[in-house]
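Visitor: For reference, the structure I am asking about is given below.
The values are calculated or read from the model by the stated rules, or taken from the named source; none is laboratory data. The structure displayed is predicted, hence computed values, not measured ones. Note that each Cβ is placed from the backbone with ideal geometry, even for glycine, and that neighbours are counted across all protein chains shown.
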Amino acid sequence: MQSNSSDSLNSLALLKKQLNSQGVHSFEAIAEALYQQKQRQSQAGLYSQDRFTQTGSDCEAVVISPSTGESVNCILWCINHYLGLNRNPRVIDRAREAIAQFGTGCGTSALSGGMSALHKAVEARLAQLVGKERAILFPTGYTTNLGVLSALPGKHDFLLFDREAHASIIDGVKLSGRKFSSFRHNSIDDLERKLRRYREQYDNIIVIVESAYSMSGDLAPLKEIVSLKQTYDFHLYVDEAHTFGLYGKDGAGYCQELGITDSVDFIMSTLSKATASIGGFIACKAKYIPLLEWCANSFIFQASLTPGDAATILAALDELADRPSLRTQLHAKNAYMRQKLLSIGFNLGNSQSPIVPIFIPDPEKLLQFNKELFERGIFSVSIVYPAVKPAEGRLRFILNASHTYEQIDRTLDALAHLGKKYGLISPKTSSREWLSLAPSQIALAS
């Protein structure tokens, strides 16, 4: 199966979609086409998704590209460990002690005896932190959304979710078998139109949003959404995967920072980001817990997260409480990098959180740009379909409190050079204009 040069730059998922639209459905034919597509991109050094770190995630690490054999010392911008706690010595020591005491794994699911005192301590701590009666742990953030949203709605309930919601939310909604609809991203007007249309047709409506969206980095208008509850009486489910640990007192999250926790019925987050472990949780009123425990298959039939992971979460929560400076540093660096990228002339969309997207809709420019970044020691991953729409490709830079200003400036220097080369910014921009402000000046200005 032949592809022209333009087609060969498409993501593998987009190629599959195109083949399906052309009537190709054989998994053998599709697998062969995708394999050849990956081979072409890999041989040209354009396939970033199979690169891996030699010694695990950090702000800087040796990154290996198996397709080309390159081994490059890089600044990493694709890891969600916002506060750098995966390298915190006290967190690591607590995980090591837990493994020695509790063993390496649980061996079974929560309902079959897979929980320990560590797990129960995590659940209690999380519920208290986010201001809910109870919380239960799932093995991953993905399976939290999948399990809860597939189990929660009844036969005559309706689900409404933001159009840019994470795949785990959409998959959970679909798996529920209930009626659903999406509304335009962060559009209060469209959400209200849908609420007005559907509120009399169903027993309950569940509105599902993320506090910060992982691909665009923008924050949800949560106060405005909560205000709609007074009129339309729905249940609100907020995924705080990219705000838990980063906002609010002790890192309780964006809902807590905005003072709307009591108006949010379900608070969900992953534990693989700010808390540098794995797992997920849902926090809510105690009366909902038995329903989720006995109806969410990803809770019932999946082994509990390991004792080492549970101990890591507890240690990370201690760091969040004891070191608010971690959040201050993160937000200062976010403001610094953003202001300079905007000064250079990059399109950052409506992003606000420590997720900084640079939009490069041309597939060829996106892949070539990222290839040259890697060669310069800057590692990010091309964000393409199905993570975003085919014409909305981007690079994504995820800030970490452990990133140094020197690492940020090295990255900005490379971005400015390549931005001019590929026509993404004005050629009149001086390569050093954006270095005129010191970090302290930008942090104060923000």
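Visitor: State whether one or more residues within the stretch 197-207 are under 23 Å from the mean Cα position of the chain (by Cα) and outside any loop (DSSP other than H, G, I, E, B).
Guide: The answer is yes; a qualifying residue exists.
Visitor: Another question about this same structure. Out of the stretch 232-248, which residues are over 18 Å from Asn186 (Cβ atoms) and not aliphatic (A, V, I, L, M)? Show your work before the answer.
Guide: Taking the stretch 232-248 first, the residues over 18 Å from Asn186 (Cβ atoms) are 233, 235, 244-246, 248.
Result: Asp233, His235, Phe244, Gly245, Gly248.
Visitor: Select from the stretch 314-354 the residues that are in contact with a helix residue (DSSP H, G or I) (Cβ under 7 Å, 6 or more places away or on another chain) and of a type in the set (Lys, Arg) and write down the one among them that is surrounded by the fewest Cβ atoms within 10 Å (Cβ to Cβ).
Guide: Residue satisfying both the conditions and the ranking: Arg327.
Visitor: Where residues in the stretch 385-422 are assigned to a loop (DSSP other than H, G, I, E, B) and without any contact (Cβ under 8 Å) to a residue 40 or more places away in the chain, which of them is surrounded by the fewest Cβ atoms within 10 Å (Cβ to Cβ)? Break it down into steps so the answer makes sense when it comes.
Guide: Pass one, the stretch 385-422, residues assigned to a loop (DSSP other than H, G, I, E, B): 385-393, 399-404, 422.
Add one more test, that the residue is without any contact (Cβ under 8 Å) to a residue 40 or more places away in the chain, and what stays is 389, 391-393.
Numbers: Lys389: 13, Ala391: 9, Glu392: 17, Gly393: 24.
The residue in question is Ala391.
Visitor: Out of curiosity, is Ala29 aliphatic (A, V, I, L, M), surrounded by fewer than 19 Cβ atoms within 10 Å (Cβ to Cβ), over 30 Å from Gly253 (Cβ atoms) and in the same structural domain as Gly308 (by TED's automatic domain parsing)? Outline the logic, then answer.
Guide: On the way: aliphatic (A, V, I, L, M): yes; surrounded by fewer than 19 Cβ atoms within 10 Å (Cβ to Cβ): yes; over 30 Å from Gly253 (Cβ atoms): yes; in the same structural domain as Gly308 (by TED's automatic domain parsing): no.
Here the answer is no, as Ala29 does not meet what is asked.
Visitor: Scan the stretch 221-241 and tell me whether some residue there is in contact (Cβ under 8 Å) with a residue 12 or more places away in the chain, closer than 30 Å to Ile360 by Cβ and surrounded by fewer than 18 Cβ atoms within 10 Å (Cβ to Cβ).
Guide: The answer is yes, given that some residue of the stretch 221-241 is in contact (Cβ under 8 Å) with a residue 12 or more places away in the chain, closer than 30 Å to Ile360 by Cβ and surrounded by fewer than 18 Cβ atoms within 10 Å (Cβ to Cβ).
The rows are residues; the columns are (1) of a type in the set (A, V, I, L, M, F, W, C); (2) at pLDDT below 95; (3) assigned to a strand (DSSP E or B); (4) under 22 Å from Lys273 (Cβ atoms).
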residue: Met337; (1), (2), (3), (4): yes, no, no, yes
residue: Gly349; (1), (2), (3), (4): no, yes, no, yes
residue: Val356; (1), (2), (3), (4): yes, no, yes, yes
residue: Pro361; (1), (2), (3), (4): no, yes, no, no
residue: Glu372; (1), (2), (3), (4): no, no, no, no
